[in-house]
1. Condition check: farther than 24 Å from THR26 by Cβ, among the hydroxyl-bearing types (Ser, Thr, Tyr) and in a helix (DSSP H, G or I). Does SER85 satisfy that?
2. For region 34-67, which positions are exposed (fewer than 13 other Cβ atoms within 10 Å of the Cβ) and either in a loop (DSSP other than H, G, I, E, B) or of a type in the set (Phe, Trp, Tyr) (or both)?
3. Of the conditions (1) modelled with pLDDT of 95 or more; (2) more than 25 Å from LYS5 (Cβ to Cβ), PRO91 satisfies every one except a single condition; which number is it?
4. So if I check each of THR117, THR127, which one is surrounded by fewer than 20 Cβ atoms within 10 Å (Cβ to Cβ) and at pLDDT below 95?
5. Restricting to region 2-33, and then to whatever is of a type outside the set (Gly, Ala, Ser) and loosely packed, with under 12 Cβ neighbours inside 10 Å, can you tell me which residue is nearest to THR140 (Cα to Cα)?
6. Exactly one of (1) in contact with a His (Cβ under 9 Å, 6 or more places away or on another chain); (2) of a type in the set (A, V, I, L, M); (3) over 25 Å from THR127 (Cβ atoms) is unmet by ILE83. Its number?
7. Given the residues LEU144, LEU79, LEU105, LEU110, which is the only one that is in contact with a Gly (Cβ under 8 Å, 6 or more places away or on another chain), part of a helix (DSSP H, G or I) and closer than 29 Å to ARG49 by Cβ?
8. Return the pair list, or none, for Cβ contacts closer than 6 Å from residues in region 1-12 that are on the phi < 0 side of the Ramachandran plot and hydroxyl-bearing (Ser, Thr, Tyr) to residues that are modelled with pLDDT of 95 or more and buried (at least 20 other Cβ atoms within 10 Å of the Cβ), at least 6 apart or on different chains.
Amino acid sequence: MTLTKTIAAGAVGGLAGGLVLTTFMTIATRAGIIKTPLPVKVERWAEDRAGVEDGLTGIQEEVAAQAGHLAFSAGLGALFGAISSTFRLPPLPAGPIYGASVYALHLGVLGPAAGITKRPWNEEPETAGRRLMMHVIFGTVTALVADRIAPRLARPPST
């Protein structure tokens, strides 16, 4: 299979993983489990850095944040596709390892460096554990969906 098709399968997998997390975050926010979803924090941070004075609020903010999250998820899925074409690991354990790696990079390094999040060891254990679990689920869904999509992309088109 070509690298382009593996990347495309990964992007579809990442989108599926992002949809699972978006659904969970929406339900958990409505239930009061999550106060402010991480994508909303990122969206507010981006508005602040862009100098937007009257930012989005309410449902507009949530939709923009989750749309950005889905786009980012598809990009991370594409990266997974590129990496998996090199290492050729089965979806399990590749997906959970990838999800945990995304968690470590984004919430252990990038988020704290940007001032969006605390480092995991400075968070409430419940928050850090939930975020790790969500990223592992993201990686798992990404890998499993990409693995199912990839063979379909490898088939020659029907004439």
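1. Values: farther than 24 Å from THR26 by Cβ: yes; among the hydroxyl-bearing types (Ser, Thr, Tyr): yes; in a helix (DSSP H, G or I): yes.
Yes: the conditions hold for SER85.
2. Taking region 34-67 as the starting set, the residues that turn out to be exposed (fewer than 13 other Cβ atoms within 10 Å of the Cβ) are 35-36, 48-54, 57-60, 63.
Hits for region 34-67 are LYS35, THR36, GLY51, VAL52, GLU53, ASP54, THR57.
3. That leaves (2) as the condition not met.
4. Values: THR117 fails: surrounded by fewer than 20 Cβ atoms within 10 Å (Cβ to Cβ).
Testing whether each residue is surrounded by fewer than 20 Cβ atoms within 10 Å (Cβ to Cβ) and at pLDDT below 95 leaves just THR127.
5. Within region 2-33, the subset of a type outside the set (Gly, Ala, Ser) is 2-7, 12, 15, 19-27, 29-30, 33.
Subset that is loosely packed, with under 12 Cβ neighbours inside 10 Å: 2-3, 23, 27, 30.
Values: THR2: 22, LEU3: 20, THR23: 16, ILE27: 20, ARG30: 25 Å.
In this case the residue turns out to be THR23.
6. Just one mismatch for ILE83, condition (1).
7. Working: LEU144 fails: closer than 29 Å to ARG49 by Cβ; LEU105 fails: in contact with a Gly (Cβ under 8 Å, 6 or more places away or on another chain); LEU110 fails: in contact with a Gly (Cβ under 8 Å, 6 or more places away or on another chain).
Exactly one residue qualifies, and that residue is LEU79.
8. What qualifies is THR6/GLY81.
The values are calculated or read from the model by the stated rules, or taken from the named source; none is laboratory data. Being a predicted model, the structure only gives us computed values, none of them experimental. Every residue, glycine as well, gets a Cβ built from its backbone with ideal geometry; the counts of neighbours run over all protein chains shown.
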